[in-house]
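Working notes for the structure below.
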Amino acid sequence: MPTSLRSFFLGVLATLVLLAVGVLAFVWSGRYDMGADAPHTRPVFALMQTMRERSIRAHAADLVVPDLSDPQLVLKGAGQYAAMCTQCHLSPVMTDSEIRPGLYPQPPNLSRVRVDPKQAFWAIKHGIKMSAMPAWGASHDDATIWSMVAFLQKLPGMSAQEYKDIVARAPPDEDMDMGAEAAAPAPPHHDNGGAPDAH
Ligand code: HEC
């Protein structure tokens, strides 16, 4: 290799090593503000938004959407949504919550925006990294998640009264109890702490 080319590559290598050391030193120094109340810079925010959008779109592309107009499915989804999602995503009877103002990124108000069914299913099932959106697939089967998606298609534009009515008619959200029973081993034998169902 000619000497000039060699020193060029050595220069590039040295620059890369210096950069890596600089990044590691910054990480180690603790100077980065991890607080959710310290917004990203615009370029970082734009990068993260684009990565999230492209990722969800790509991962959701091959999903097969069931019939979302089935009224029973929509009804089931209403109960699920009311039980688990309104604190972050609001509803026609809620304009704010205690948790929502402090969330970063802000969850979309799903009673205003209609989400794409495939992308919504994927985001609900898998959650979204580095945001407050949980992976509901850890505790819910696909059919239940599709019920939420079905409901989300109807939610934008629903009046407060329509929302109250459908939630009142919805089957109760039983997944929590079922999940807890299936997952929890027999409780150890000690004082039941006054649990109402003891003995
Ligand atoms: C603790 C707060 C929290 C809860 C509870 C929560 N979410 Fe989310 N959700 C978020 C946040 C934050 C985002 C946005 C993430 C982002 O922009 O990167 C999000 C994003 C979404 C999206 C993607 C929207 C889009 O525009 O791509 C859907 C769909 C969604 N949530 C549905 C639900 C459903 C259904 C439930 C209830 C089962 C739920 N979420 C419960 C915080 C929450």
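Express the C-alpha Rg of the chain as a ratio against the empirical globular expectation 2.2 N^0.38 Å, rounded to two decimals. The partial results should precede the final answer.
Details: Rg = 23.9 Å, N = 199, 2.2 N^0.38 = 16.4 Å.
Expressed relative to 2.2 N^0.38 Å, the Cα Rg reads 1.45.
Computing FRET efficiency as 1/(1 + (r/R0)^6) for Asp141 and Arg169, where r is the C-beta to C-beta distance and R0 is 22 Å, gives about 0.50.
Multiply the residue gap between Asp67 and Asp116 by 0.36 nm, knock off their C-alpha separation, and tell me the result in nm, one decimal place.
Gain in length upon complete extension: 16.2 nm.
Sorted by average packing, counted as other Cβ atoms within 10 angstrom per residue and highest first, what order do 70-77, 51-58 take? Don't skip to the answer; put the middle values down first.
Numbers: 70-77: 17.2, 51-58: 13.2.
Most protected by this proxy first, the peptides run 70-77, 51-58.
The 3J(HN,Hα) values that the Karplus relation (6.51, -1.76, 1.60; θ = phi - 60°) gives for segment 17-24 are, in residue order, 4, 4, 4, 4, 5, x, 4, 4 Hz. Gly and Pro appear as x. Pop the C-beta distance of Ala160 and Val44 into the FRET formula with R0 = 41 Å and round what comes out to the nearest 0.05. The formula returns an efficiency of 0.60 here. In the calculated pair-distance distribution of segment 1-112, the portion above 19 angstrom amounts to 73 percent of the Cα-Cα pairs.
Rg and Dmax of segment 121-174, both derived from C-alpha coordinates alone, stand at 12.8, 35 Å.
Per-residue ellipticity at 222 nm from helix content only, as computed over the chain with -39500 (n - 2.57) for each DSSP H run of at least four residues, stands at -17000 deg cm²/dmol. In the neighborhood of Ala60, defined by Cβ-to-Cβ distances under 15 Å, what is the net charge if each Lys or Arg adds +1 and each Asp or Glu adds -1? Here the count lands on +1.
I want to verify the translational diffusion coefficient of segment 28-86 in µm²/s; compute it with Stokes-Einstein, Rh as the Kirkwood radius over Cα pairs, at 25 °C and 0.890 mPa s.
Working: Rh = 15.7 Å.
In µm²/s, the coefficient rounds to 157.
Please find, in a Gaussian network model of the chain (springs between Cα atoms separated by less than 10 Å), the residue of Ala82, Ala60, Ala36 whose mean-square fluctuation is greatest. The residue with the greatest mean-square fluctuation here is Ala36.
In order along segment 77-92, the phi-based Karplus estimate (6.51 cos²θ - 1.76 cosθ + 1.60, θ = phi - 60°) of 3J(HN,Hα) comes to x, 4, x, 4, 4, 4, 7, 10, 10, 5, 4, 9, 9, 6, 7, x Hz; Gly and Pro are listed as x. Measuring nothing but alpha carbons in segment 67-181 and taking Rh as the Kirkwood radius, the Rg to Rh ratio lands at 0.93.
Throughout, read-outs are computed from the coordinates displayed, never taken from laboratory work. Every value quoted in this text rests on a predicted model; they were computed, and no experiment measured them. Cβ: placed from backbone, ideal geometry, glycine included. Neighbour counts: every protein chain shown.
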